[in-house]
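Visitor: Sharing a structure with you now.
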Amino acid sequence: MPVSVSLTPEEHAQAPVAVVGLGYVGLPTALALLAAGNDVIGVDVSERRLAAIRSGEVDLLPSDHERLARLRDTGRLTLTSDPAALSAARTVLICVPTPVDQHLVPDLDAMAGACADVVRHAVAGQLLMLTSTTYVGTTRELLVEPLAARGLSVDTEVFVAFSPERIDPGNAHHAQDATPRVVGGVGPRSTELATAVLARTAPSVHAVPSAEEAEMTKLWENTFRAVNIALANEFAENCRGLGLEPIRIIDAAATKPYGFMPFYPGPGVGGHCIPCDPHYLLWQLRARRIVSPLIDAAMSAIASRPRKVVQRVRELLGDAGRSVSGAKVLILGVAYKAGVADLRESPALGILEELTEAGAKIAYHDELIPSVRIGAHTLRSTPAPEHEAWDLVLVHTVQPGTDVAWLENQPLVLDATYRLASLPAKAVV
């Protein structure tokens, strides 16, 4: 049944919200809305994911685990795989993955499918808001134009906006309800309604004049990070060549109160944002024959970083008179960052695969990742690596609470985190 379009922004914001995609963004978003007092319809294509949410066996911050335990049985959270349930919501938030494929080309399948479902079940009075990071113009192409084709007048009958997610998985210091949001509607009424909804779970909302400006905002944010991470990795290699300690230098530079922001080197970049999002911009620019050499170079450097780590493993083993082939190598930590059970785009995957192809006897230890698929084989986390002898230990990710004191007794340690300052004998990338 069509809903009235005459609600005030405040009334609209308090009405039921549907969240499409209950992953690392959608589920915390749904929980934040529940905590704010909204009824929430959670829609996900994966019945397995829905079952995990019902049982509480999901990777969340402790505060969100508490919210889930407290709110999932109140009757205010509906979990379903049926997109027809979307018509009962006043606001629909689209929070689906936007990855790239093996050729670094945007994979639009999940987003296009979700948007098609949302448009198919849209009713008058709804606000449809895309939050997935994507190329400039997506909101118009996948929501506004199909809605118009259905005969729905955008910004008068239905309302459309883009507001990029800003969730930092595993980081309690940047909680969703402490992070400002950016929003751009396709018209003034859309922006007004979207601002009211977002204000329920954010300390402030910054509105820009269009969905396209909001889309470009997120691409700029994450491309900025990518370029600076690539620079930090390059400087770290320069520091090694000059016999200097990069972390101490970064911390020293960060004492400057303006003009510098610290970024830190590592084994590579993983997760849902940095290795993927800038490729949405580059893909779109290439289609228009626009070159962006700085961004292109930074993304190439990021993609090649795991290969440089493997090359450093080869060098260290070679200096010790060992070949990679047959060497017993342990990867300490395989998640893409500390504090999460997330392997998406983790540099460790490429490192493990290349070392396997080189003939190394590989193993790994990660308290949060019980198993890893490498090619046709499944590796399981070595439970007590300190009790075994390794030719080389590569420190990739140090999970919270991990004991690294035993590394002092290992013959070769490659610290790709650059954080083991107290370890007397170690190498860096």
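Visitor: How many residues does the range 208-244 contain that are closer than 14 Å to residue 261 by Cβ, more than 16 Å from the chain's Cα centre (by Cα) and not aliphatic (A, V, I, L, M)?
Guide: Residues flagged as closer than 14 Å to residue 261 by Cβ, more than 16 Å from the chain's Cα centre (by Cα) and not aliphatic (A, V, I, L, M) within the range 208-244 amount to 2.
Visitor: Among the residues of the range 362-375, are any assigned by TED's automatic domain parsing to the domain that holds residue 302, more than 21 Å from the chain's Cα centre (by Cα), hydrophobic (A, V, I, L, M, F, W, C) and closer than 28 Å to residue 239 by Cα?
Guide: Checked the range 362-375: no residue is assigned by TED's automatic domain parsing to the domain that holds residue 302, more than 21 Å from the chain's Cα centre (by Cα), hydrophobic (A, V, I, L, M, F, W, C) and closer than 28 Å to residue 239 by Cα.
Visitor: Tell me yes or no: at least one residue of the range 328-349 is exposed (fewer than 15 other Cβ atoms within 10 Å of the Cβ) and either in contact with a Lys or Arg (Cβ under 6 Å, 6 or more places away or on another chain) or assigned to a loop (DSSP other than H, G, I, E, B) (or both).
Guide: no
Visitor: Can you find a residue in the range 6-21 that is modelled with pLDDT of 90 or more, β-branched (Val, Ile, Thr), outside any strand (DSSP E or B) and over 24 Å from the mean Cα position of the chain (by Cα)? Spell out how you get there, then give the answer.
Guide: Narrowing the range 6-21 to residues modelled with pLDDT of 90 or more: 8-21.
Now drop any that are not β-branched (Val, Ile, Thr), which leaves 8, 17, 19-20.
From the residues that got through so far, the ones that are outside any strand (DSSP E or B) too are 8.
Then drop every residue that is not over 24 Å from the mean Cα position of the chain (by Cα), which leaves 8.
Checked against the condition, which is being modelled with pLDDT of 90 or more, β-branched (Val, Ile, Thr), outside any strand (DSSP E or B) and over 24 Å from the mean Cα position of the chain (by Cα), the range 6-21 yields at least one hit.
Visitor: Filter the range 55-91 for residues that are closer than 21 Å to residue 115 by Cβ, among the aliphatic types (A, V, I, L, M) and in a helix (DSSP H, G or I) and give the result.
Guide: Hits for the range 55-91 are 84, 85, 86, 88.
Visitor: For the range 350-392: of the residues being among the acidic types (Asp, Glu) and over 23 Å from residue 322 (Cβ atoms), which is surrounded by the most Cβ atoms within 10 Å (Cβ to Cβ)?
Guide: Within the range 350-392, the match that is surrounded by the most Cβ atoms within 10 Å (Cβ to Cβ) is 366.
Visitor: Please verify whether residue 259 is out of contact with any strand residue (DSSP E or B) (no Cβ under 7 Å at 6 or more places or on another chain), farther than 30 Å from residue 143 by Cα and not assigned by TED's automatic domain parsing to the domain that holds residue 98, treating the condition exactly as stated.
Guide: Considered against the rule, which asks whether it is out of contact with any strand residue (DSSP E or B) (no Cβ under 7 Å at 6 or more places or on another chain), farther than 30 Å from residue 143 by Cα and not assigned by TED's automatic domain parsing to the domain that holds residue 98, residue 259 comes out as yes.
Visitor: Any chance you could count how many residues in the range 254-289 are in a helix (DSSP H, G or I) and in contact with a Pro (Cβ under 7 Å, 6 or more places away or on another chain)?
Guide: Of the residues in that region, 3 qualify.
Visitor: Identify all residues within the range 408-420 that are closer than 16 Å to residue 329 by Cβ, in a loop (DSSP other than H, G, I, E, B) and touching a residue at least 24 places away in the same chain (Cβ under 8 Å); write none if there are none.
Guide: Our first condition is that a residue be closer than 16 Å to residue 329 by Cβ; within the range 408-420, this holds for 410-416.
With the extra rule that they be in a loop (DSSP other than H, G, I, E, B), the set shrinks to 410-412, 416.
Matches in the range 408-420: 411, 412, 416.
Visitor: Out of the residues in the range 96-152 that are of a type in the set (Lys, Arg) and exposed (fewer than 15 other Cβ atoms within 10 Å of the Cβ), which is nearest to the chain's Cα centre (by Cα)?
Guide: The selected residue is 120.
Visitor: Hey, can you tell me all the residues within the range 360-407 that are among the aliphatic types (A, V, I, L, M), under 24 Å from residue 305 (Cα atoms) and not in a loop (DSSP other than H, G, I, E, B)?
Guide: Selection gives 362, 363, 372, 374, 379, 392, 393, 394, 395, 407.
Visitor: When only residues in the range 37-66 that are of a type in the set (Lys, Arg) and surrounded by fewer than 17 Cβ atoms within 10 Å (Cβ to Cβ) count, which is farthest from residue 14 (Cα to Cα)?
Guide: It comes out as 48.
Visitor: Could you tell me which of the residues 71, 77, 34 is in contact (Cβ under 8 Å) with a residue 12 or more places away in the chain, in contact with a Leu (Cβ under 7 Å, 6 or more places away or on another chain), over 25 Å from residue 142 (Cα atoms) and surrounded by fewer than 19 Cβ atoms within 10 Å (Cβ to Cβ)?
Guide: 71
Visitor: For the range 313-320, indicate whether the set of residues that are more than 24 Å from the chain's Cα centre (by Cα), in contact (Cβ under 8 Å) with a residue 24 or more places away in the chain and not in a helix (DSSP H, G or I) is non-empty.
Guide: Yes: one or more hits.
Visitor: Any residue in the range 393-407 that is assigned by TED's automatic domain parsing to the domain that holds residue 264, in contact with a helix residue (DSSP H, G or I) (Cβ under 8 Å, 6 or more places away or on another chain) and either among the basic types (Lys, Arg) or surrounded by fewer than 15 Cβ atoms within 10 Å (Cβ to Cβ) (or both)?
Guide: Yes: the range 393-407 contains one or more residues that are assigned by TED's automatic domain parsing to the domain that holds residue 264, in contact with a helix residue (DSSP H, G or I) (Cβ under 8 Å, 6 or more places away or on another chain) and either among the basic types (Lys, Arg) or surrounded by fewer than 15 Cβ atoms within 10 Å (Cβ to Cβ) (or both).
Visitor: Go through the range 155-185 and give me each residue that's over 22 Å from residue 58 (Cα atoms) and either crowded, with 22+ Cβ neighbours inside 10 Å or at pLDDT below 85 (or both).
Guide: The answer is 158, 159, 160, 161, 162, 163, 164, 181, 183, 184, 185.
Visitor: How do the pairs read when you match residues in the range 145-158 that are closer than 16 Å to residue 90 by Cα with residues anywhere that are surrounded by fewer than 16 Cβ atoms within 10 Å (Cβ to Cβ), using Cβ under 6 Å and keeping only pairs 6 or more apart or on different chains?
Guide: As it stands, the answer is 157/124, since those pairs meet every condition given.
The values are calculated or read from the model by the stated rules, or taken from the named source; none is laboratory data. Note that this is a predicted model, so its numbers are computed, not measured. Glycine gets a Cβ as well: all are built from the backbone with ideal geometry, and neighbour counts include every protein chain shown.
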